[in-house]
Amino acid sequence: MAGGGSGGHITPLLPLAHVLRRRCPKCRLIYIGLRGDKLDGVKERFGIFDQVFFVTSGKFRRYHDQSLLARLVDIKTIILNIKDFFKVLYGAFSARRLLKKLKPDVIFSKGGYVVVPIGLAARSLHIPIITHDSDAEPGLANRLVGRWAKIHTSGMPVEYYTDTYPAGTVKYVGVPTDERIRPVTPDLQIEYKKQLELPADSFVLLVAGGGLGSKTLNDKTLAIAPQLLKADAKSHILHFTGSQHEMAVKQKYHQILSDEQLKRVKVVGFSDQFYKYSGAADLVIARAGASTLAELAVAAKACIIMPAAFLTGGHQLKNAQELKIRQAAIIEDDKLSPQKLLKLTEQLRLNPKRRRELADNLGSMARPDAADKLADLILA
């Protein structure tokens, strides 16, 4: 299994590995990731793999909101891309030596730029490849590797991929989610609140900016937190900031909140128990990363989704569009003002019926059997 560069390219591999281990106890499961990737919070779960390796790779930097002229004069980015091109070549030679030694029967490419050197090596050794794209917009790395793949699996309906992959090769399976996630009933939500030391009758807002966090969401949440906590003494905030932003956000909360309000805020950099926090939440504000959306769908949560428009290929915009079509979440522009976000959050706090509608619609999109379907294809 190959994938890395972000949590969305790593965490779906873990539930898939658990299913494969259950279905085929004698399978030899190997993970190859990106050298330098930080696995904080999930490292202990990598015990499911028989072996873990890392290879060097480079990324091709491009930005969705950058004009052609801006790209041509962006000398720093051009130099970094040239430098990383040679990293990919070095990684491909390293991956080829590794694969010759390991002799895998099949390679599962989850995406992230680490899969490019692994895909090149697999092609030269005639090892079959299966790709998986979580987002509605296939990633560049999988598009490059995909030209040699036997099967292309997807997290979104097949029609999103027909312009990228050959007809008949795409299988819609969904996104594998943490095997501990399940639909959240009222009783289970109370249990999660209890485990997190939250009152059973509290209104819980979860803010999650993805595995690396989102400074934009962090800043907006900090801007609305004092008024949100003041408006309702039973409101609590669970704020996933991303590890690199955790200390700065904590310090800011101490500057803007009273001692009583601070008791109703939990700041988390990253946790491998995200399912507990999302399960306890009454409302979620999140980005539109495919893995996050898949987890929230299985749990069936009411969400305000603010896609990161600047990311390459606009893939979060396309993910959010699918939710908008299904009326499965409130979709807002990344530039939404804190005042409007506060107003929207308050409206939903006071309208449990509307939250239930959103949760049910998102829950209808869940594919809890995604890992099992992928395991079927891999074992076949």
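We did not get these values from a lab; they are worked out from the coordinates using the rules stated. Computed from a predicted structure; not experimentally measured. Positions of Cβ are backbone-derived with ideal geometry, glycine not excepted, and every protein chain shown enters the neighbour counts.
Averaging the Cα positions of each part gives two centres, and for the stretch 84-140 and the stretch 194-228 these lie 37 Å apart.
Just one of [x] 151; [y] 176; [z] 141 is volume of the Cα convex hull per residue in Å³ as worked out from the coordinates here. Which one is it? It is the one labelled [z].
With both labels modelled 7 Å from their Cα along Cα-to-Cβ, the Met247 to His126 distance reads 5.4 nm.
Relative to the longest principal axis of the Cα atoms of the chain, helix 246-256 runs at roughly 10 degrees. Gaussian network model of the chain, Cα springs within a sub-10 Å range: biggest mean-square fluctuation belongs to which of Lys59, Lys301, Lys110? Per the Cα network of the chain with a 10 Å cutoff, Lys59 tops the list. Put simply, when 316-328, 268-280 are sorted by average Cβ atoms within 10 angstrom per residue, most first, you get 268-280, 316-328.
Counting only alpha carbon atoms, the long axis of helix 338-349 and the longest principal axis of the chain meet at about 80°. Taking the longest Cα principal axis of the chain as reference, the axis of helix 352-363 is set at about 10 degrees.
Relative protection proxy for 113-120, 20-27, from highest mean packing down: 113-120, 20-27 (other beta-carbon atoms within 10 angstrom). With contributions of -39500 (n - 2.57) from each DSSP H run of at least four residues, the per-residue ellipticity at 222 nm computed over the chain stands at -13000 deg cm²/dmol.
The packing ranking, built from the mean of other Cβ atoms within 10 Å per residue, places the peptides 102-109, 131-138 in the order 131-138, 102-109, highest first.
Charge tally around Asp282: other residues with Cβ under 10 Å, Lys/Arg +1 each, Asp/Glu -1 each, net +4.
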